[in-house]
Ligand SMILES: Cc1cc2nc3c(=O)[nH]c(=O)nc-3n(C[C@H](O)[C@H](O)[C@H](O)COP(=O)(O)OP(=O)(O)OC[C@H]3O[C@@H](n4cnc5c(N)ncnc54)[C@H](O)[C@@H]3O)c2cc1C
């Protein structure tokens, strides 16, 4: 997935009174006639027997549909409409994974959706979250509907191999539109990936009845039939994978992450989750589990936000990767998920960030020409209210988070309970059913509770819970704030220059942040204020001189936790126990936390994973363990 996304180039034609989008790239209409909606229902929904299967979903069951081309979103909306009509009244969830190489522009998507008035209420919700044309996975979440979509933008040949099989796809929509894009689409590569992501009982439906698809499926021992499609006009394809039970290795991994054996009977129930540490990592995980209906207890040795997450304001300030690398750039991926996620909270405030290019060879400024409109300011809009000698790029999609407001809103959740306790140990209990609970033990050796899963989000202290974690590094940092009521910055404008500054409120400027490696002391110090002053003075000397004297400044110091390779640690820490970690968030914790929490949830609850196998492996907390290869002796004595 290494290229920039090209949106679909469309021609609009009026056919039978319908405003029909036709792809110029492939010379093919996206839907064939006024009956396209009924056809989609017949081929994809009935072809996969979804009426019966979705109605029967058990409490907490998670059903996953896979689609090989998102197109105008007609199948997605049709599926969602059916789900709305017949979903059981419990905690079951429907998820769609869809891939698209040439997504419609938002304007074209809106126009195409107008063709189907009956789908408008759902289309409007989808339009609100319609992603920017940037490669990678875009998770669209509709919690009130118990419905979500992972829309992977990229070439299906490159996307499918990197999807992690944390949950097998239950039903596939094999769209025929692809056939014109790739004449040999159903040959080896794509089909073997579709099969890799499937499982015993997975069904397949398509209106493409080609020999290559039929033969390809049969090669994988998938039973295929070709009944009549809508109006009995032409055949469609229906298939089911009925593997012998002995062959049923449920989770085929493309990742080095240890995978829990998925036991359906265990999984469809409310889980008891313990989280150690109530910083942004722990709070984000708590929210992700609780919003799925699971019971969460968060323990903190001090108080929520006692550690690095407790500054008065945090800035979401990603330095985006080059557009052709966006699907492999963790900061860009995390930003894409974090922005819509935080907008759900009153703690979020949208802001523009002027990112200064401090070095002559900085390729930062080039990004403006690469990304779609609306992400970076145009030259005209890039006007700064602070004088500087440095060129800058203004990111329009950024924001600030008030950690305290976020904490309050998350802890208000009925399924999240906070307890003050210093956790010292996690003990695995075994029972004969292999459903081993984990005991959470405090420093007085008291058992605080027994849980199905434990998430260790204890920053530097996380390493106490597993000898397998690498040595973590502390980096002291301090933010400073001061009264600037005489010279306030625009409230929707931040600056980033190695440090950062923005209005904390109407009266105060906040400056970040000093950085002292290998220090864990947390007292606010004058020397750190000086450091923050020096940073702002180096780029905005005139403004810096207008600031109130340093003696009047206030500050807060804390410790960033860093891993040996600077990336977070995310995933299971012991192969044989339901203990996971999310730690070492470095200097970008607020940006990483929402997406990484979704990945953790995917691993724990066996849901779809919104991050590629490359990143899941790269963040695996066990990545530093050296694999010892058995050595062959140089010389073997003749026996
Ligand atoms: C000065 C400074 C400015 C920053 N600015 C930004 C910014 O603008 N934007 C941004 O995205 N990031 C920023 N960061 C980085 C960000 O703050 C961190 O990445 C993030 O807060 C880490 O979150 P965490 O939950 O992993 O750790 P923490 O917030 O440190 O939380 C860990 C929690 O675990 C608890 N705990 C530890 N051990 C135990 C135990 N045994 N039992 C129970 N509880 C335990 C602690 O009490 C603590 O509350 C900044 C960091 C610093 C230091």
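The numbers here are math on the coordinates, done by the rules we state, and not lab data. All values derive from a computational prediction rather than experimental measurement. Ideal geometry is used to build each Cβ from the backbone, glycine not excepted, and the neighbour counts take in all protein chains shown.
Could you tell me how far the Cα centroid of region 39-100 sits from the Cα centroid of region 265-337, in Å? Here the two parts' Cα centres lie 28 Å apart. Computed over region 1-108, the quotient of the alpha carbon radius of gyration and 2.2 N^0.38 Å is 1.23. By the count of other C-beta atoms within 10 Å, a proxy for reagent exposure, 522, 118 are ordered fewest to most as 118, 522. Here region 269-426 was treated as a single set of alpha-carbon atoms; its pair distances binned every 10 Å from 0 give 10, 32, 28, 19, 11, 1 percent.
Nearest 5 percent is fine: what portion of the DSSP beta bridges confined to region 35-245 is antiparallel? Write down the numbers at each step before the final one.
Details: 16 of 35 bridges.
Among the beta bridges of region 35-245, antiparallel pairing accounts for roughly 45 percent.
For the chain, the share of DSSP beta bridges that are antiparallel, to the nearest 5, is 65%.
So if I take the alpha carbon set of region 499-639, get Rg, then get Rh from the Kirkwood formula, what is the Rg over Rh ratio?
That ratio is 1.20, to two decimals.
When only alpha carbons are used to place a centre, region 452-495 and region 526-604 end up 4 Å from one another.
Look at 220, 95 and count the other Cβ atoms within 10 Å of each Cβ; fewest to most, that gives 220, 95. Once you compute Rg and the Kirkwood Rh from C-alpha atoms, what is the Rg to Rh ratio for region 35-245? Taking Rh as the inverse mean 1/r over Cα pairs, Rg/Rh reads 0.93.
Report, as a whole number in µm² per second, the diffusion coefficient that Stokes-Einstein gives for region 412-544 at 37 °C and 0.692 mPa s using the Kirkwood radius over alpha carbon pairs. Here the translational diffusion coefficient equals 174 µm²/s. The value obtained for the chain, namely the Cα convex hull volume divided by the number of residues, is 204 Å³ per residue. Compactness check for region 285-371: Cα Rg over 2.2 N^0.38 Å is 1.42. Extension gain for the segment residue 4 to residue 118, taken as residue separation times 0.36 nm less the Cα-Cα distance, is 37.6 nm to one decimal. Each listed q (0.13 Å⁻¹) maps to a log10 I(q)/I(0) for region 423-499 from the Debye sum over equal C-alpha point scatterers, namely -0.65.
Rank these for me by crowding, 386, 619, going from fewest to most other beta carbons within 10 Å.
Details: 386 19, 619 24.
By the 10 Å Cβ count, ascending, the order reads 386, 619.
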